Amino acid sequence: MDLEAVKRYLEKGGETASVADGLPPRFLEPLLMSSLKVDLIQPGRILCSMKIPPRLLNAGNSLHGGATAALVDIVGSAAIPAAGHAASTTGVSVEINVSYLDAAYAHEEIEIEARALRVGKAVAVISVEFRKKKTGKIFAQGRHTKFLPTTSKM
C-alpha cells in the first residue's frame, strides 16, 4: 500500500485552494438547487424533478453520491415544514443515510420525492426516494433524521 499516494490524493485540494476559498458562503445549496423544480407539495410530501447537470457528476459521469446525499438533506428538510412544523428552522441533522441502487447520468430527468414519516416535538424522520423519470426506476433511497428546535418555556 502506497501511503504517500493516499496522502497526495487527499491533499490535492491544496492545488485549487485559492479557487475554493473564493467561493461564497453557502455556495453548495445554489449549486444543487438551481436545477431543482418543485412539481407537487402536499402535507408531509414534496415531489421535485431535475435534469442532472454535468456539474453534479462524479468521475464515472453519473450523479455524484455526495450530491445525492446533499439532496436528501435539502429536499428532505423541506418536507418538515410541509408536514406542519412551524419553527423558523428545520433543525440539525442527526443522521443521513443513502442506499445507491443504480446510476443516473448527465441530462437525465429524475424525480426526488420526500415524505415525512414522523415529525414530532424533538425529532423528524424523512424518507427520500430518487427515481428515473422516464422509467420510474428507483436509483437511490435516503433516510434523514433531524433534531428539531424546541421553543424555550422561559
Counting only residues that are within 15 Å of the chain's Cα centre (by Cα) and exposed (fewer than 15 other Cβ atoms within 10 Å of the Cβ), which one in region 59-75 is farthest from F130 (Cα to Cα)? G66
Return the total of residues in region 24-42 being farther than 26 Å from Y105 by Cβ and part of a loop (DSSP other than H, G, I, E, B). 3
Return yes when D102 is touching a residue at least 24 places away in the same chain (Cβ under 8 Å), among the acidic types (D, E) and outside any loop (DSSP other than H, G, I, E, B) and no when it is not. no
Check region 92-99 and report whether any residue there is hydroxyl-bearing (S, T, Y) and in contact (Cβ under 8 Å) with a residue 40 or more places away in the chain. yes
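Quick check on region 125-154: of everything there that is modelled with pLDDT under 95 and more than 19 Å from the chain's Cα centre (by Cα), which residue is nearest to R115 (Cα to Cα)?
So in region 125-154, the residues modelled with pLDDT under 95 come out as 148-154.
Add one more test, that the residue is more than 19 Å from the chain's Cα centre (by Cα), and what stays is 149-154.
Details: P149: 20, T150: 22, T151: 24, S152: 28, K153: 30, M154: 33 Å.
Restricting to residues being modelled with pLDDT under 95 and more than 19 Å from the chain's Cα centre (by Cα), the top hit is P149.
Is it the case, given these coordinates, that A114 is hydrophobic (A, V, I, L, M, F, W, C), within 14 Å of the chain's Cα centre (by Cα) and part of a strand (DSSP E or B)? Give the steps one after another, and end with the answer.
Details: hydrophobic (A, V, I, L, M, F, W, C): yes; within 14 Å of the chain's Cα centre (by Cα): yes; part of a strand (DSSP E or B): yes.
Yes.
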So for region 114-122 (the condition being of a type outside the set (G, A, S), within 21 Å of K146 (Cβ to Cβ), modelled with pLDDT under 95 and out of contact with any His (no Cβ under 8 Å at 6 or more places or on another chain)), does at least one residue qualify? yes
Check K133 against each of (1) in contact with a Pro (Cβ under 9 Å, 6 or more places away or on another chain); (2) under 18 Å from K37 (Cα atoms); (3) not hydrophobic (A, V, I, L, M, F, W, C) and name the one condition it does not meet. (1)
Single residue of L101, L40 found to be modelled with pLDDT of 95 or more, surrounded by fewer than 16 Cβ atoms within 10 Å (Cβ to Cβ) and touching a Leu at 6+ places or on another chain (Cβ under 9 Å): L40
With the requirement that a residue be in a helix (DSSP H, G or I), of a type in the set (G, A, S) and without any contact (Cβ under 8 Å) to a residue 24 or more places away in the chain, what does region 43-83 give you? G66
Scan region 43-58 for residues that are in contact with a Ser or Thr (Cβ under 6 Å, 6 or more places away or on another chain) and surrounded by 19 or more Cβ atoms within 10 Å (Cβ to Cβ) and jot them down. M50
Single match in A106, A79, A124 (criterion: within 26 Å of I52 (Cβ to Cβ) and surrounded by 16 or more Cβ atoms within 10 Å (Cβ to Cβ)): A79
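The values are calculated or read from the model by the stated rules, or taken from the named source; none is laboratory data. Small disclaimer: the values here were computed from a predicted structure and weren't measured. Every residue, glycine among them, receives a Cβ derived from its backbone with ideal geometry; neighbour counts consider all protein chains shown.
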